[in-house]
Amino acid sequence: MKLSKNTQAILKNFSTINQSILIESGNKVKTVSVNKTMMGNAVVAESFPQEFGLYDLPSFLATCALFEDADLEFGPKSVVISDGGSSSIEYFYTDKSLIIVSDKEISLSDGDVILDFKMTRAAFDVVQKAAACLGLEYVLWTVKGGEIILSVVDANGDNANSFTTVVGTADDQEGKIYLKTEYLKFLEGDYTVRIGKLGGKTPVMELINADLDLSYFVALDSHTAI
């Protein structure tokens, strides 16, 4: 098996959410942060023949990158990574008990959705750069007056160095949506963003990639009011 560039990009991105991963048999790949406040789900081109755990996903990807066009042969206890010729590396799996996995499936039904809008790759790029440059703690979406305004702010939302841009429109809704900048770990691309409350209680953000079968769930900060 060879991993497509899209699958490699998804796995590299997932490794920023949690460096360990349990990959199940089939073509669905998912990850969850150690504190279980962020999840990633993807359907990839490959179909993995069995379940296996990787304790250090960045190390595994770096090992694959040692070969120009790595070929993976999965065994019961390890995967052999090779160039299809005389060079190969045997990479051993990690027991699943050592990996944090999600203990439940999360879904945001249409009835749970309070607000949805688009976020372009350009908008994400600029907010990530602004957050890094200004050293601010939160991304804030303010819904007011028919507009959705994206800002990067401090914990109180009133820092003088805040960054602001309009990213969408809303009807007569109002609210403030806070996301910690530490959760800006989404694969580059355009997204549909859905804001809702799981079970009518827990505020969450769902992001659906426009080009890949890839989505994220992130728990919103307690400052959120929707």
If VAL166 satisfies all but one of (1) at pLDDT below 90; (2) touching a Gly at 6+ places or on another chain (Cβ under 9 Å), what's the number of the condition it fails? (2)
Enumerate the pairs (first residue in region 137-148 and of a type in the set (Phe, Trp, Tyr); second residue anywhere and assigned to a loop (DSSP other than H, G, I, E, B) and open to solvent by 10 Å² or more (accessible area, probe 1.4 Å)) with beta-carbon separation below 9 Å, excluding pairs fewer than 6 apart on the same chain, so at least 6 apart or on different chains. TYR138/ASP154; TYR138/ALA155; TYR138/GLY157; TYR138/ASP221; TYR138/HIS223
Residue identified as within 29 Å of ASP221 (Cα to Cα), under 12 Å from the mean Cα position of the chain (by Cα), at pLDDT below 95 and not hydrophobic (A, V, I, L, M, F, W, C) among THR37, THR16, THR31: THR37
What are the pairs with Cβ atoms under 8 angstrom where one residue, in region 61-88, is touching a residue at least 40 places away in the same chain (Cβ under 8 Å) and open to solvent by 70 Å² or more (accessible area, probe 1.4 Å) and the other, located anywhere, is among the polar types (S, T, N, Q) and assigned to a loop (DSSP other than H, G, I, E, B)? Sequence gap at least six, or different chains. none
Does SER47 qualify as being hydroxyl-bearing (Ser, Thr, Tyr), out of contact with any Lys or Arg (no Cβ under 7 Å at 6 or more places or on another chain) and not in a helix (DSSP H, G or I)? yes
Of everything in region 10-29, what is in a loop (DSSP other than H, G, I, E, B) and open to solvent by less than 20 Å² (accessible area, probe 1.4 Å)? Give them in sequence order. ASN18, SER20
Against the condition over 26 Å from GLU206 (Cβ atoms), in a loop (DSSP other than H, G, I, E, B) and either in contact with a helix residue (DSSP H, G or I) (Cβ under 8 Å, 6 or more places away or on another chain) or modelled with pLDDT under 95 (or both), how does GLY85 come out, does it pass? yes
LEU198 being surrounded by 18 or more Cβ atoms within 10 Å (Cβ to Cβ) and touching a residue at least 24 places away in the same chain (Cβ under 8 Å): no
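The values are calculated or read from the model by the stated rules, or taken from the named source; none is laboratory data. Since the structure is predicted, the reported quantities are computational estimates derived from the model, not experimental observations. Note that we place each Cβ from the backbone using ideal geometry, even for glycine, and neighbour counts take in every protein chain shown. Protein only, heavy atoms only, side chains kept; ligands, DNA and RNA dropped before computing areas. Shrake-Rupley method; radii C 1.70, N 1.55, O 1.52, S 1.80 Å.
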